[in-house]
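S.K.: I have a structure I would like to understand better, so I am pasting it below and will then ask my questions one at a time.
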Amino acid sequence: MSEKVLIAGNNVRNVAESAAKAGYEVYALTKFSDADLRIYCREVVRVDDSQPKKEVKKRVEELAESSDLKIVLCSGFETLKVKGELLCNPPELSEKVSNKLKFYRQLERAGLPFPELLGDDERGIVKPIEGGGGEEVSISSRAEKGFLKQRFIEGIPCSVSLIASDGKAVAIACNFIYAGWKEMNAHGFRYSGNLTPLAVENDVRRELERLAVEAVELFGLTGSVGVDFILAEKPYILEINPRFQGSLDSVEWSSDINIFRMHAEAFEGKLPIKPKARRFALRAILFAPEKVEIKEKNFAGNPFFADVPNKGKIYRKNDPLVSILGAGNSREEVEEKILERRDLFLSLAVRT
């Protein structure tokens with residue numbers, strides 16, 4: 001009999017897919033009940049932003065207890081203090097790295113590099129103290145309550161994906177981060193995809209991996225975790241994601257691995273052998289160019305599309321619409337495939 005897990009988070013298709021392919025019986029509690037999510041799940045329970053956190057917490061606990069499920073807290077839910085058997089970092093630990101002010105104080109004490117925090121009258125990059133995905137990020141001289149301000153560093157946005165266990169960590173991939181990718185209708189600093197591997201010199205990659213391992217080991221995290229950087233004259237740490245990352249699809253496809261299996265084994269004290277990238281792989285997030293209606297759902301199960309919207313669903317301008325996947329021998333080749341598949345999706349699946 002296969003083990004059973006409850007994947008809980010804002011959008012969990014990538015984690016649910018990886019878990020199902022690793023042989024788990026998957027249940028999901030999420031805000032986005034996409035058409036392809038149901039391919040990988042025995043049951044999908046939808047929640048929305050109107051429900052208070054204590055109600056969501058209760059639903060997670062009841063579903064886990066009634067079906068004897070291990071709980072995996074994913075993006076947006078990683079600090080939800082639920083009772084039950086966890087297969088993820090405890091919410092109290094995730095809270096320590098999710099609060100960027102507390103996180104940067106720890107980095108400073110450890111001597112790890114990050115963009116310096118700025119004073120009241122200085123102009124810099126303003127971001128929420130908690131939250132991610134490039135949402136609500138701007139360049140300004142003012143930081144409202146709940147926001148912090150840092151020196152803006154021009155550079156390459158990137159990340160390192162790791163598996164951690166018993167105080168040790170192994171870097172399994174370096175990834176390029178797309179932020180505000182205009183071809184995907186993204187603006188500003190909005191997260192819009194990942195390319196694996198990151199094409200940099202070996203000494204730069206080794207330094208990124210060294211800093212990522214040191215940061216993850218500093219906080220004692222376990223399982224699948226990621227460290228985001230801005231790479232300029234040297235790498236600067238931006239944040240740690242103490243849970244599965246948006247790069248999961250591109251990392252798995254690039255290296256022919258299963259991250260959920262690695263994650264689960266990490267909680268048994270096992271670290272993986274570092275995998276090799278076999279190809280370039282990209283997951284891009286397409287945002288709605290205007291208000292649209294989905295007229296076709298046959299893309300569910302298509303290997304080049306993920307997070308597939310349900311037929312008849314209405315999306316407002318700038319809503320995340322679908323993920324587009326591609327692989328090839330170079331960044332240019334893969335991006336070209338992504339743009340072709342974007343046009344195909346918009347022509348066949350969308351009604352304006």
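Read-outs: derived from the displayed coordinates by stated rules, not from any lab. Small disclaimer: the values here were computed from a predicted structure and weren't measured. Every residue, glycine as well, gets a Cβ built from its backbone with ideal geometry; the counts of neighbours run over all protein chains shown.
S.K.: Does the stretch 56-167 classify as rounded, prolate or oblate by the C-alpha gyration tensor (a ≥ b ≥ c root eigenvalues; a/c under 1.5 gives rounded; else a/b over b/c gives prolate, otherwise oblate)?
M.R.: In terms of gyration-tensor shape, prolate.
S.K.: Charges only on Cβ, +1 for Lys and Arg, -1 for Asp and Glu: so what's the dipole of the chain about the Cα centre, in debye to the nearest 20?
M.R.: So the magnitude is around 520 debye.
S.K.: Give the long-range amide H neighbours of residue 173: residues separated by 5 or more places, or on another chain, with amide H under 5 Å away, using H modelled in the peptide plane at 1.01 Å from N.
M.R.: Long-range HN contacts for residue 173: 161.
S.K.: Can you compute the modelled spin-label distance between residue 276 and residue 256, with each label point 7 Å from Cα toward Cβ, in nm?
M.R.: 1.1
S.K.: What's the magnitude of the charge dipole for the stretch 25-136 around its Cα centre, counting Lys and Arg as +1 and Asp and Glu as -1 at the beta-carbon? Answer in Debye, nearest 20.
M.R.: Once rounded to the nearest 20, the dipole reads 260 debye.
S.K.: How many angstrom lie between the Cα centre of the stretch 1-55 and the Cα centre of the stretch 286-327?
M.R.: 18
S.K.: Tell me the relative contact order for the chain as a rounded percent, counting alpha carbon contacts under 8 Å between residues six or more apart.
M.R.: Reported relative contact order: 15 percent.
S.K.: Which links in 234/276; 81/145; 53/270; 83/270; 96/270; 58/317 stretch past 29 Å when you go from one Cα to the other?
M.R.: 53/270; 58/317
S.K.: Just report the Cα centroid separation between the stretch 185-234 and the stretch 64-115, whole Å.
M.R.: After rounding, the separation between the Cα centres reads 18 Å.
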